[in-house]
Amino acid sequence: MSTLLDRQFEFNLWANIEIINLCASLNADQLAVEIPGVYGRIQPTIAHLVHGEGNFLRDLGGDALWPDEVDWDNLTLDQLCEMAQQSGTALREIAGAVAPDSRREFIEEDDQYVFPAWTVINQAINHGIEHRTQLRLLLTQLGVPHPGQSVWGFAESIGALQIRRVSQKEHSSTDLEDSQ
């Protein structure tokens, strides 16, 4: 049985794969476009998103998925899609196993960071949303149709959203029941 947190990370993975696959269909000129207000060009943005997921996994106590010396600037979108699949799956697995208030830490240069695990889990989700939104903004500027990547779209893609046409009479009686 999936938990709410499982579904959140399943959505995150689905949205990452959807946007990476769409971007992989773009030509070299489109991939080179930069606009103010976003992280950068498409490949570096996706590389940053995937690299970040690997870091979040590490911060939650998971194993490194790839070596430190990966040349992120030269990975293809197909390679990044495969890595996103790995990191998204690993994050889903570890997120549910970590106690939300358990303490995590890492040292960067001369600074030690200590924080509860829930901050990493929230950051992993928000980081993905932020950069996918930037990618959709780039795609909009290019005139490339793209998926909205809503939770409703995800629910529909996994068969969890049911839509049925209702008559005006059914709709009116539902409205009355809801207001009582």
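The values are calculated or read from the model by the stated rules, or taken from the named source; none is laboratory data. Just so we're clear, the structure is a prediction, and the values are computed from it rather than from any experiment. As a convention, Cβ positions derive from the backbone with ideal geometry for all residues, glycine included, and neighbour counts pool all protein chains shown. We work out accessible area using only protein heavy atoms, side chains counted, and drop any ligands, DNA or RNA first. Shrake-Rupley method; radii C 1.70, N 1.55, O 1.52, S 1.80 Å.
Laid out as a table, the results:
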quantity	calculated
Per residue accessible area in Å² of the chain, where ligands, DNA and RNA are left out and the probe is 1.4 Å	62 Å²
Cβ-placed point charges (K, R +1; D, E -1), dipole of the chain about Cα centre in debye, nearest 20	840 debye
Computed lengthening from GLU105 to TRP66, 0.36 nm per intervening residue step minus Cα-Cα distance	12.0 nm
Rule-of-thumb Rg ratio for the chain [Cα; 2.2 N^0.38 Å; N residues]	1.23
Set of the stretch 44-86 residues, backbone N closer than 16 Å to the point 7 Å along the Cα-Cβ line of ASN126	53, 56
Angle between the chain longest axis and helix 117-142 axis [Cα atoms, degrees, rounded to 10]	80 degrees
The stretch 48-118: relative contact order in percent, alpha carbon pairs under 8 Å with at least 6 residues between	32 percent
Sum of -39500 (n - 2.57) over DSSP H runs of 4+, divided by residues of the chain (222 nm, nearest 500)	-19500 deg cm²/dmol
Pair GLU10, GLU170: separation of 7 Å Cα→Cβ label points (nm)	2.6 nm
Solvent-accessible area, 1.4 Å probe, carbon plus sulfur percent, for the chain	50 percent
Rounded to whole Hz, the Karplus (6.51, -1.76, 1.60) HN-Hα couplings of the stretch 59-64, x for glycine and proline	5, 8, x, x, 7, 5
